[in-house]
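The values are calculated or read from the model by the stated rules, or taken from the named source; none is laboratory data. Note that the structure is predicted; figures quoted are calculated from it, not measured. Here the Cβ is made from the backbone with ideal geometry for all residues, glycine too, and neighbour counts use every protein chain on show.
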Amino acid sequence: MEEQAIAKSVLETGEMVLNMGPQHPSTHGVLRLKIHTDGEIVSKIEPVIGYLHRCFEKHCEYLSYEQIVPFTDRCDYLASMHMDHAFSIAVEKLLDVELPERVEYIRVIIAELQRIASHLVALGTFGLDVGAITPFTWAIRDRERILDLFEALCGARLLYNYIWPGGVSHDLPPKFVERTLDFLDYFDPQIDEFNNLLSTNKIFIERTGDVGVLPPDVGINFGVTGPSLRGSGVNWDLRKNEPYSIYDKFDFDVPLGEGTMGTIGDTWDRYYVRVLEMRESAKIIRQACAQLPDGDVHEAIPKKIRPAVGEVYGRYESARGDVGFYIISNGKNIPLRVKMRSPAFCNLSVLSEIAEGWMISDVIAILGSLDIVLGEIDR
Amino acid sequence: MTSIVDSLVKSFSSFNLDIAVLLPVITLIGGTVIFLIMAVNALIAVYFERKISAFMQDRLGPMEVGIFGFKGGKKFWGGIGQTLADAIKLLVKEDILPNNADKFLMILAPFIIFTGAFLTFIGLPFAQNIVISDFNIGIFYIFAMSSIGVIGVILAGWSSNNKWSLYGSMRAAAQIISYEIPIGLSLLLVVLVAGSLHLGDIVQWQADHRWFIFHSPFTFLAFFIFYISTIAETNRTPFDIPEAESELVAGWMTEYSGFRWALFFLSEYANMLIVSIVASIVFLGGWLSPLQIFNIFPDSWLILDGPAIGLFWVLFKAVILIFIMMWFRWTFPRLRVDQLMYLCWKVFIPFALANLFLVSLWELIF
Amino acid sequence: MTFADIIKFVETKAAGKSSIIEGKEVILVSPDNWVEISTLLKNESKLDFDYLMCISSYDKGDNKTYGAAYNLFSTTINHYLEVRVETEDGTAIPSVTSLWQAADWHEREAFDMMGLQFEGHPNLKRILLSEDWDGYPLRKDYKEPDYYRGMPVPKDKTYWD
Amino acid sequence: MSEYFSNIIYGVKSFLTGMKLTLDHFNNKKERVATLQYPHEKWPIPERNIGFDHAEYNLIRSRLHVDIDDCISCMQCEKFCPVDCIKIDFIKPPKDSDVDCGITSNDTQKKMIVSRFTIDMSECMYCNLCVFPCPEECIYMVGGPNAEKHEIDYEFSQYKRDGMIFEFADATDDMIRDAGGDKWLEQRDAKLKKNSEGVELMGIVPEATPVQVAAPVLETGTAAAKPVTAVKPLGGEFDIKSLNGIADKMCRGIAKKAFMAAKRAGKDTTAILADVAQALSDAGKMTEDIQSILDGLSAPSPEAVTPVVETEGATKAESVAEVPPTTEVKEFDIKDLNVIEDKMARGTAKKAFLAAKRSGEDKVEAVRKALGDAGKLDVAAEKLLNSFTSAAAEPSQPTAVEKTAEPTEEAAAESLAASEPAEDLPLFEIAELNGIDDKMTRGMAKKIYMAGKRADKSRTEVIADLRAGLTEAGKLDDATAAILNNLESGN
């Protein structure tokens, strides 16, 4: 008996708690995952966030509406235009401004370019997460071209402060449309190349197919949005379902996960939806460029932003999902409260649900497929 | 076949030196030669690895650092001094040992790994007669010595007192031990046909008959099993799960820095060279010229089979194999642990076993 | 369904449990009734609010009343509703984690930033700030601490101003 | 079983596709490589001439710059800055005073003196929000259409964090005092003193800090000629790199050669420039562009010239009096002629301008004459020239007064410092000697300094030692002498 007890105490196997992050190559920022592991198998994941908390919402209570825009840039730094746009839409709703046509078209072009740029980073870093390094540099190479366009547009390459409540800060530079179309022509074959290198690679499919399946109902219940939810086959895109701006004027599809390489809603589907979305974005940009009207982009910019007392919840389909700005105004030029519903925040909360039971390598892949940006989660 | 040690002993014999003096001298010379080979190999291989990866990724790679002001090519192949500068940087870097690490083992581990690679070179022929010491069981010796490294890997992972290191070392142990089986089986097949463990004899057999890779469909398959398994054995992508940098930070090397880390690095690239040379000797005809395959040249051309030409052919074949390794690395994603094991136990080992059986049949029939 | 329809429906199912805030398309629910109303909103097939978009905490400014605004959406019926639950400081709001998992982190954030208590939340602790942080930063009467763990909190750029 | 094999076949196929792709990239590196080798090649700055409400609006997000002459201290930029990195103080002269605050380039009469205009670029978030509200368009980010004025700053780095704080106000203490800003000066000095003593640093209020008055403290506290941290000289130091602006390779080579020769001969900036100009015209390569570059180099030179001036000691007053011409150059620059639309006319005008400049005539008249002779003097050009004559006439009066007033004051202070050798000044820091360029000299100076320090010598004694020791070794060049002079005056 005693021997048995000793043997048990010696041979007992417990779970190991592994701290992944905040400094770790593939946590996409300063995310910390407390992982309980049994060998390679992960039994429990506790995401710990807040390492990048910069008091965005508190700042907003001290800044005027115009001044908040550069701060929204810094929330989702990979899709700054989307944040600007989302905030501007919310404020415009509060102010009840009618925008000139040209502004709306410019915004759509820019937002879709930004979506391509953001997805390129997402796909590239996802490749890095599963060990393929070359696709990352290819993706970054193409993203640089978009950033060049943005630099010509507003002088900045990452944090633009371009879309303002009521308009945009500058009109399009000369030849911008031509350069954009040139880029799209260049970009289409690059997607095929990317697919050949990564998406259809057998090892990649083995790593991602059937891994980390997110069932649609779980996704909705957790508030997962954007490509991560569409990967599960839920046809849910604000651009189609609740068209804001002028998205109802364009003809495009919402790519959904189909379970080509496994089950619907697996990591590969979440990844591939982004690839397909880049094509759809290109489609939208081509249409918008063709229809771009003339006009003054500064016409509707209010001299002073002083909304009436009230509140608004503005929604926007960003590269990561459903961004919401809940703004309470008390009639001053400074908002009483700004709450940002960040898509990556909700997307991350589902991680422990879908990644438990998989291996450490899979957790990395699943995390990569959710495409989080810590700046937005921690705000 | 004579070895370098043999010829050294012969040349020193005229001095009538005592064996107690002669032995250290010869050992020192041999050791220095091996160390130089390893160091130069790492310097060159790292440079080309960086350049190849850069070009495959539409980058330029190192372009700035030169040697004595000479930077290399202006457009693409610049920065030839980069790896040398990196090596110097590594040597003068602060050596950090974590507080709670098992210091003795942690210091010991890199040397064990290095020793494993180092010892392998003793039995590795670079060409006819260019071998430090000519074993008649050469293939067995190389196979045995190259497995020593895994002890160091496990020690390094355990002594670092870091969970990532532990994961890395455990993965490495599982992987290296598993992949030794298909490697062994593929080599066994060659030994079976050639009837000798001596690498010189194996090459001689290929000279007499034909290269092993073309000997039969089964040896052809065996070459690929051998080659892919050796990639796994040297922990390179797509089998680099022990140091998977996106998962395990740097695996068992996480806590190492400076010179100790440089030793790991050196051994990694030395291992690449070793397996490529072994593959080229065992399957690709070693120092035999590829031109012989076609048998279209007059016999007088075969004079070109001297040691220098032999060295050229061995290195040529090895370099191609190394390039393919690098090519793999910058093309593929990484496998998962269980998939790696699946590949080994459910694909390679059955194929290798079947190969062994079928090649015996082949030998019986033909 | 439009807002009026939703109100009508809610009134037939749970009369007097909720009220409309004047001039806005928002329902105000007291914490006592929130469990019933939320279950109704989620489970009733005619409403089917399966998607909780956001929980925004807010401060009414009288150092006493705090509220949470729930933005609900139905992905099946495509309608939208904002519900507010207001509470005095110290009174808990029933948690809706069991209905919408998304509420988990949003409620934690509301607790972290505004100090709202959620009754029945499985893991109500700070999410963005560190565990030992004092006070709730988004309250209007919040004062920045002078010291955090013995370190002075920099307030002014002395070299500058 | 068939799935097993089809998997393997699919795998091998996909591997080969991927490998073909990467090999393709490897082989076609000539077309594919996207790297830009940064310090050697620089990213082209996109063309842009679109804007908010006028044609030449700047879009580059780079270092902020303020044309302080145009600033009317309306505080709009400070108000719009989300991170409070702009700080403006101004002093409104009393109604009955006759202080003229100047006129902006938009012909707005300024009503205040900007006593402080500080931008902390380490805090700036490059949102561009301060640029839009400015009514005088005087704050902008450098580069873009302003590239002529300020080259775009790629690296944009400083050695110290303080170096990122840029002071743009150029009002002297006297001007502030004239405008009734005594109280502001007092407050500023008190603040500076407090900061340099480290009081209230990071919010800590120490109970009793041992007040270690370091040399730089006194320096800024008492004898501050310029407020707060030094403005980065915008033209930059004049060195050989300044000549890189010359586009033609040949010309650049000639210029650089001349520069090096002149430098080796130990000439000062103006002499070097003259040499370079001479060499270029000898070679027949002197074009307008180069002339304007050289002019640009000499224009912001007051800062660069002053140390040289100071070494000459007695001749100081005269040489300072010579400075005003440079201000006139600023008033009517060759670049102003770019407004002239007709190419031919512009060329003629520029030629005349340069000729007049070289001979020291009145440029406006010369240009007018040249244009009139060529029959190209249209209404626009006439207007332009007139604006310059009037502009030169009007503000020149007060500035001349100031300029004459200034040197006397400064000279008085100088002589005061000289007559009362700064006994109370503590020994300066060894780091002060780092300004010496030549390594050998610096080493020698430091050695002497340490010897003096060990012997407990006073500041003046150490400086005297330095001067003697360096002269003996023949290493006392102009720059070093200037540094020593500076040290002596406690500056």
Query raised in the report: Filtering segment D:80-117 down to residues that are surrounded by fewer than 20 Cβ atoms within 10 Å (Cβ to Cβ) and of a type in the set (Ser, Thr, Tyr), which residue is farthest from residue A:334 (Cα to Cα)?
Result: D:97
Report summary line: Sole miss for residue A:205 among (1) within 30 Å of residue B:57 (Cα to Cα); (2) more than 9 Å from every other protein chain (Cβ to nearest Cβ) is condition (2)
Report summary line: Filtering segment A:340-349 for residues that are in contact with a Gly (Cβ under 8 Å, 6 or more places away or on another chain) and within 8 Å of another protein chain (Cβ to nearest Cβ) leaves a count of 3
Query raised in the report: Listed residues A:189, A:173; which is facing another protein chain (nearest Cβ under 9 Å) and over 18 Å from residue A:74 (Cα atoms)?
Result: A:173
Report task. Might you check whether a residue that is surrounded by 20 or more Cβ atoms within 10 Å (Cβ to Cβ), modelled with pLDDT of 80 or more and β-branched (Val, Ile, Thr) occurs anywhere in segment C:86-95? Result -> yes
Query raised in the report: Is there a residue in segment A:146-167 that is under 18 Å from residue A:99 (Cβ atoms), of a type in the set (Gly, Ala, Ser) and either out of contact with any strand residue (DSSP E or B) (no Cβ under 9 Å at 6 or more places or on another chain) or more than 14 Å from chain B (Cβ to nearest Cβ) (or both)?
Result: yes
Query raised in the report: Does segment C:66-81 include one or more residues that are on the phi < 0 side of the Ramachandran plot, free of Cβ contacts under 8 Å to residues at least 24 places away in the same chain and away from chain A (no Cβ under 13 Å)?
Result: no
Report summary line: Expected single match for among the hydroxyl-bearing types (Ser, Thr, Tyr), farther than 21 Å from residue A:55 by Cα and under 28 Å from the mean Cα position of the chain (by Cα) among A:316, A:326 is A:316
Query raised in the report: Looking at residue B:91, is it hydrophobic (A, V, I, L, M, F, W, C) and surrounded by 18 or more Cβ atoms within 10 Å (Cβ to Cβ)?
Result: no
Report task. From the list B:144, B:127, B:117, pick out the single residue that is surrounded by fewer than 18 Cβ atoms within 10 Å (Cβ to Cβ) and closer than 15 Å to residue B:278 by Cα. Result -> B:144
Query - Close pairs (7 angstrom Cβ cut-off, 6 or more residues apart or separate chains): surrounded by fewer than 18 Cβ atoms within 10 Å (Cβ to Cβ) in segment C:113-127, outside any loop (DSSP other than H, G, I, E, B) anywhere - result: C:119/C:93; C:119/C:94; C:120/C:94; C:125/C:108; C:126/C:112
Report task. For segment C:82-103, enumerate the residues that are free of Cβ contacts under 8 Å to residues at least 40 places away in the same chain and either within 11 Å of chain A (Cβ to nearest Cβ) or over 10 Å from the mean Cα position of the chain (by Cα) (or both). Result -> C:88, C:89, C:90, C:97, C:98, C:101
Report task. Test residue B:21 against the criterion of being more than 14 Å from every other protein chain (Cβ to nearest Cβ), touching a residue at least 40 places away in the same chain (Cβ under 8 Å) and not small (Gly, Ala, Ser), and give yes or no. Result -> no
Query raised in the report: What number of residues within segment C:41-59 are under 21 Å from residue A:313 (Cβ atoms), surrounded by fewer than 21 Cβ atoms within 10 Å (Cβ to Cβ) and more than 8 Å from chain A (Cβ to nearest Cβ)?
Result: 2
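Okay, residues lined up against (1) in contact with a Phe, Trp or Tyr (Cβ under 9 Å, 6 or more places away or on another chain); (2) farther than 14 Å from residue B:37 by Cβ; (3) in a helix (DSSP H, G or I):
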| site | (1), (2), (3) |
| --- | --- |
| B:99 | no, yes, no |
| B:111 | no, yes, yes |
| B:114 | yes, no, yes |
| B:119 | yes, no, yes |
| B:136 | no, yes, no |
| B:139 | no, yes, yes |
| B:142 | yes, yes, yes |
Query raised in the report: Is segment C:4-13 home to any residue that is of a type in the set (A, V, I, L, M, F, W, C), in contact (Cβ under 8 Å) with a residue 40 or more places away in the chain, buried (at least 16 other Cβ atoms within 10 Å of the Cβ) and within 14 Å of chain A (Cβ to nearest Cβ)?
Result: no
Query raised in the report: Among the residues of segment C:72-81, which ones are under 15 Å from the mean Cα position of the chain (by Cα) and surrounded by fewer than 21 Cβ atoms within 10 Å (Cβ to Cβ)?
Result: C:81
Query raised in the report: Scanning for something within 24 Å of residue B:26 (Cα to Cα) and touching a Phe, Trp or Tyr at 6+ places or on another chain (Cβ under 9 Å), does segment B:153-172 turn up at least one residue?
Result: no
Report summary line: Restricting segment A:243-299 to residues that are over 23 Å from the mean Cα position of the chain (by Cα) and acidic (Asp, Glu), the one modelled with the highest pLDDT turns out to be A:294
Report summary line: Going through segment A:70-105 in order, the residues found to be in a loop (DSSP other than H, G, I, E, B) and in contact with a Ser or Thr (Cβ under 6 Å, 6 or more places away or on another chain) are A:78, A:79
Report summary line: Expected output for segment A:35-60 (first residue on the phi > 0 side of the Ramachandran plot, partner in a helix (DSSP H, G or I) and not aromatic (Phe, Trp, Tyr), Cβ below 8 Å, 6+ apart or cross-chain) is A:50/A:378
Query raised in the report: Restricting to helices (runs of 4 or more DSSP H) lying wholly in segment A:132-230: which have 2 or more residues that are more than 30 Å from residue B:340 (Cα to Cα)?
Result: A:134-154, A:176-194, A:216-221, A:227-230
Query raised in the report: Within segment A:343-367, can you find the residues that are within 17 Å of the chain's Cα centre (by Cα) and farther than 23 Å from residue C:53 by Cα?
Result: A:365
Query raised in the report: Restricting attention to segment A:67-93, which residues are within 16 Å of residue A:304 (Cα to Cα) and out of contact with any Lys or Arg (no Cβ under 9 Å at 6 or more places or on another chain)?
Result: A:67, A:68, A:69, A:91, A:92, A:93
Report summary line: Picking from A:210, A:148, A:171, the residue that is touching a residue at least 60 places away in the same chain (Cβ under 8 Å) and surrounded by fewer than 21 Cβ atoms within 10 Å (Cβ to Cβ) would be A:171
Report summary line: Taking segment A:316-339 and keeping only residues that are of a type outside the set (A, V, I, L, M, F, W, C), at the interface with another protein chain (Cβ under 8 Å from one of its Cβ atoms) and in contact with a Phe, Trp or Tyr (Cβ under 7 Å, 6 or more places away or on another chain), one is left with A:324, A:326, A:337, A:339
Report summary line: In segment A:350-372, anything away from chain C (no Cβ under 14 Å), in a loop (DSSP other than H, G, I, E, B) and of a type outside the set (D, E, K, R) is listed as A:357, A:358
Requested in this report: Examine segment C:104-111 for a residue that is surrounded by 20 or more Cβ atoms within 10 Å (Cβ to Cβ), under 14 Å from the mean Cα position of the chain (by Cα), within 11 Å of another protein chain (Cβ to nearest Cβ) and under 18 Å from residue C:63 (Cβ atoms), and state whether such a residue exists.
Outcome: yes
